[in-house]
Amino acid sequence: MRAHSRAERENKTMEKFYLTTAIAYASRKPHIGNTYEIIMADAFARFQKTQGKDVFLCTGTDEHGQKIEDLAKDAGITPKAYVDRVAGEIKGLWDYMNADYDHFIRTTDDYHEKVVAKIFKKFYEQGDIYKGYYEGWYCTPCESFFTATQAANGICPDCGRPVSQAKEEAYFFKMSKYADRLIKHIEDNPGFIEPESRKREMVNNFLKAGLQDLCVSRTSFSWGIPVTFDPKHVTYVWLDALTNYITALGYDPDKSFEEQSEKFKKYWPADVHIIGKDILRFHTIYWPIFLMALDLPLPKKVFGHPWFNFGNDKMSKSKGNVVYADEIAERFGVDAVRYYALSEMPYNSDGSVTYESVVARYNNDLANNLGNLVSRTHAMTKKYFDGIVPTPDVTDALDDDLKATVAATITKSVELMGAYHVADSLEEIFSMLRRANKYIDETMPWALAKNESDKPRLQTVIYNLLETIRTAAVLLAPYIPATAENILGQLGTDKKEFSTISSFGALESGKPLGEAFTLFARIDEKKFLEEMEAKIAAAIEANKPVEEPEHEAEIGIDAFSAVELRVAEILSAEPVPKAKKLLKLQVDLGYEKRQVVSGIAKFYTPDQLVGKKVCLVTNLKPAKLCGVDSFGMILASGEDDVKVVFLDPTAKNGDRIH
């Protein structure tokens, strides 16, 4: 639900608000911790629109670097083909989460690459960049160099993975040249880095400890933006990735600020970069220094949000605990995922994802508190007033208390959201909903409906409930927009703008309600948790490291050639009587037909085998299994979970397999 039309947002009298997410690294599908960032940024963008701001939200993908080059090589495709696929998957996930971004940038976009090359050359020409050699510890997943002290015991301090020694020719940016200026900026602008604890970490651990010059090019891989005057070098990730925040607005380093695009002049500097705490150093040290070197204003704020863990553990494929937002949404709905992510992530400390808390949040908050309130109130309006919004009449102190709660909630939730306390802001709204449910129990509309003399009082009670629900829907629109729209549709009202909740009572009496439907159906917790336990167990098994098996003695080519392997087509299959493990197969070798007994009955039904081409050992000595003759053996893998080796359907029966 948009608070303002595009034409209104382009009105130059409106205060602008430019916010960005970190661009997602296009190496693999993001889990819910990565997806949280776009959900939060989208909620915050929608919130700022309700406050009358001209908002521009930029997100996108970071697509260069050694890791992507290596992944593409492993996949047998070009790096561009690889990032095209992953970037499409990321953009699709953002869209699925109902993110209303204004620009999706890819660092492989032509305009971005051209500007980055210009910026690199500008820095070199003005003496900010020089050529040298880098030797130190390098983390490929993080694409970062570390000193021996930082990478203690050969482990990356950021991601915990092993690092390796690297030495190569590189260009370096003179970070120390701007360090004092940056320290002064941070001291003079207390809100520049939030939360406060992260600001202290950056200043004490990095700036005051002495900044090392930053490696800004690489020669050990080629998947990057070439340095125009030294093409064996490609631009290193952070100079490439961070500049997306200005290239997305049309920035050109060859022009003065006054000569820049209208979009750039309108929206820069950014009002906030919303990023994960793990990349705060790059956004609060490297990025401001790059901007100083470009003589551009610094962003007003960098907000480093915490991480999501699975329980007390980091998400890991080997632990089977990676949670993907779209998979949860398939079961609970997109708005349920948005609500869960936004309500579970604290302001400063890491959030915890558990399947138990997913179900609890959904059932307790969305189905019971919000959904049940809307359902009960709509049903009572239908029953007692034929679905027409009543006119409030007789009042008492309970009404005043409810209205005071509503007014306080509007003020508190707006203040908290404006200060990036997203979960606390949501809690205020849901606390108001709990108060409205309590109001039903206190006023007992069903009892009032029994006496005609109490109808004026009943009118007030039902109206107050409907208006409280409308207020909640308007407040919830930035967080769970589709649900908010559905609620307002059930109320049959067009009073959707934030300005309509400035005072209690904007819902028009005498108008019919819309169609009622269930917002959130309760989930069977026991059944869901059993399914998730099975899913985790399967993921752990699938990602379990394979132990090296015991090997047979080596054989020569002559010994191997003595085994005659040929293509055979299965014509029929049937169980062997009194043998649970055996199937009797009739196979066609082209030049003859044979009978083969195989111990695969626990893993395949006859109809799964008929017509399949298999690999048959044809010169194996005949054997009798449970009284049935067998002339050969089909090849299969595994012990506990046997998989038959099926061949291409076009393979010719009887052909020798080499």
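The values are calculated or read from the model by the stated rules, or taken from the named source; none is laboratory data. The structure displayed is predicted, hence computed values, not measured ones. Cβ: placed from backbone, ideal geometry, glycine included. Neighbour counts: every protein chain shown. Note: areas computed on protein heavy atoms with side chains; ligands, DNA, RNA excluded. Shrake-Rupley method; radii C 1.70, N 1.55, O 1.52, S 1.80 Å.
Considering only segment 54-91, state which residues are small (Gly, Ala, Ser) and under 26 Å from Lys263 (Cα atoms).
Gly60, Ala87, Gly88
Within segment 541-591, track down each residue that is open to solvent by less than 80 Å² (accessible area, probe 1.4 Å), farther than 27 Å from Thr650 by Cα and not small (Gly, Ala, Ser).
Correct list: Asn543, Val576, Leu582.
Being aliphatic (A, V, I, L, M) and either surrounded by fewer than 19 Cβ atoms within 10 Å (Cβ to Cβ) or within 31 Å of the chain's Cα centre (by Cα) (or both), is that true of even one residue in segment 217-226?
Looking for residues that are aliphatic (A, V, I, L, M) and either surrounded by fewer than 19 Cβ atoms within 10 Å (Cβ to Cβ) or within 31 Å of the chain's Cα centre (by Cα) (or both), one finds at least one in segment 217-226, hence yes.
Sort out which residues of segment 167-196 are of a type in the set (A, V, I, L, M, F, W, C) and open to solvent by less than 20 Å² (accessible area, probe 1.4 Å), and write them in order of number.
Ala170, Phe172, Phe173, Met175, Ala179, Leu182, Ile186, Phe192, Ile193
Please go through segment 95-135 and give me each residue that is of a type outside the set (Lys, Arg), under 30 Å from Asp42 (Cα atoms) and not in a helix (DSSP H, G or I), ordered by number.
The answer is Met97, Asn98, Ala99, Asp100, Tyr101, Asp102, His103, Phe104, Ile105, Thr107, Thr108, Asp109.
Which pairs do you get when a residue that is more than 14 Å from Asn244 (Cβ to Cβ), found in segment 290-301, comes within reach of a residue that is acidic (Asp, Glu) and buried (at least 17 other Cβ atoms within 10 Å of the Cβ), reach meaning Cβ atoms under 9 angstrom, with the pair 6+ apart or on two chains?
Cβ pairs passing all conditions: Ala293/Asp128; Lys300/Asp271; Lys301/Glu194; Lys301/Asp271.
Do you know which residues across segment 328-349 are free of Cβ contacts under 8 Å to residues at least 24 places away in the same chain and in contact with a Lys or Arg (Cβ under 9 Å, 6 or more places away or on another chain)?
Tyr340, the sole residue that qualifies.
Would you confirm whether or not segment 518-525 contains a residue that is assigned to a helix (DSSP H, G or I) and open to solvent by 10 Å² or more (accessible area, probe 1.4 Å)?
yes
Can you confirm whether Gly154 is at positive phi, open to solvent by 40 Å² or more (accessible area, probe 1.4 Å) and modelled with pLDDT under 95?
no
Take the residues of segment 446-484 that are within 36 Å of the chain's Cα centre (by Cα) and not in a helix (DSSP H, G or I): which is nearest to Leu342 (Cα to Cα)?
Among those that are within 36 Å of the chain's Cα centre (by Cα) and not in a helix (DSSP H, G or I), it is Tyr479.
Would you please list the contacts, defined by Cβ atoms under 7 Å and residues six or more apart or on different chains, that run from a residue in segment 31-50 that is farther than 17 Å from Tyr96 by Cβ to a residue that is assigned to a helix (DSSP H, G or I)?
Filtered contacts from segment 31-50: Phe47/Met417; Thr50/Phe498.
Examine segment 385-396 for a residue that is of a type in the set (A, V, I, L, M), in contact with a strand residue (DSSP E or B) (Cβ under 9 Å, 6 or more places away or on another chain), open to solvent by 10 Å² or more (accessible area, probe 1.4 Å) and modelled with pLDDT of 95 or more, and state whether such a residue exists.
For segment 385-396, residues of a type in the set (A, V, I, L, M), in contact with a strand residue (DSSP E or B) (Cβ under 9 Å, 6 or more places away or on another chain), open to solvent by 10 Å² or more (accessible area, probe 1.4 Å) and modelled with pLDDT of 95 or more: present.
Looking at Leu426, Leu476, Leu491, Leu465 in this structure, which one is touching a Pro at 6+ places or on another chain (Cβ under 9 Å), within 20 Å of Phe520 (Cα to Cα), at pLDDT 95 or above and surrounded by 16 or more Cβ atoms within 10 Å (Cβ to Cβ)?
None of the other options fit; the residue is Leu465.
Quick check: anything in segment 74-87 among the small types (Gly, Ala, Ser), at pLDDT below 95, open to solvent by 30 Å² or more (accessible area, probe 1.4 Å) and not in a loop (DSSP other than H, G, I, E, B)?
Yes: segment 74-87 contains one or more residues that are among the small types (Gly, Ala, Ser), at pLDDT below 95, open to solvent by 30 Å² or more (accessible area, probe 1.4 Å) and not in a loop (DSSP other than H, G, I, E, B).
Within segment 418-446, track down each residue that is aliphatic (A, V, I, L, M) and touching a residue at least 24 places away in the same chain (Cβ under 8 Å).
Result: Val422, Ala423, Leu426, Ile429, Met432, Leu433, Ala436, Ile440.
Could you run through segment 63-73 and say how many residues are in a loop (DSSP other than H, G, I, E, B) and either among the small types (Gly, Ala, Ser) or open to solvent by 10 Å² or more (accessible area, probe 1.4 Å) (or both)?
Matching residues across segment 63-73 total 1.
In segment 157-166, which residues are open to solvent by 80 Å² or more (accessible area, probe 1.4 Å) and under 28 Å from Pro346 (Cα atoms)?
Listed by number, the list holds a single entry, Arg161.
Would you confirm whether or not segment 251-264 contains a residue that is outside any loop (DSSP other than H, G, I, E, B) and open to solvent by less than 30 Å² (accessible area, probe 1.4 Å)?
Yes, the conditions are met somewhere in segment 251-264.
Quick one: what pairs do we get from segment 488-514, first residue over 20 Å from Leu373 (Cβ atoms), second among the charged types (D, E, K, R), C-beta under 8 Å, 6+ apart or different chains?
What qualifies is Glu508/Lys495.
Hey, could you check segment 269-300 for residues that are of a type in the set (A, V, I, L, M) and in a helix (DSSP H, G or I) and say which is most open to solvent (accessible area, probe 1.4 Å)?
Among them, the one singled out is Ile279.
Please state which one of Leu585, Leu616, Leu620 is farther than 13 Å from Arg656 by Cβ and part of a strand (DSSP E or B).
Leu585
Of everything in segment 397-417 that's of a type in the set (D, E, K, R) and in contact (Cβ under 8 Å) with a residue 40 or more places away in the chain, which residue is least open to solvent (accessible area, probe 1.4 Å)?
Once the filter is applied, the top-ranked residue is Asp399.
Just give me the residues in segment 78-137 being of a type in the set (Asp, Glu) and on the phi > 0 side of the Ramachandran plot, in sequence order.
Hits for segment 78-137: nothing passes.
Out of (1) free of Cβ contacts under 8 Å to residues at least 60 places away in the same chain; (2) of a type in the set (D, E, K, R); (3) closer than 30 Å to Lys624 by Cβ, what's the single condition that is false for Glu564?
It is condition (1) that Glu564 fails.
Residue check, Leu529 against (1) in a loop (DSSP other than H, G, I, E, B); (2) open to solvent by 20 Å² or more (accessible area, probe 1.4 Å); (3) hydrophobic (A, V, I, L, M, F, W, C), all met but one. Which one?
(1) is the only condition that Leu529 fails.
Quick test for you: out of Arg376, Arg338, pick the one residue that is at pLDDT 95 or above and closer than 18 Å to Met40 by Cβ.
Criteria check complete, one pass: Arg338.
As an exercise: evaluate Arg594 against (1) surrounded by 11 or more Cβ atoms within 10 Å (Cβ to Cβ); (2) in contact (Cβ under 8 Å) with a residue 24 or more places away in the chain; (3) not in a strand (DSSP E or B) and give the number of the one condition it does not meet.
With respect to (1) surrounded by 11 or more Cβ atoms within 10 Å (Cβ to Cβ); (2) in contact (Cβ under 8 Å) with a residue 24 or more places away in the chain; (3) not in a strand (DSSP E or B), Arg594 is out only on (3).
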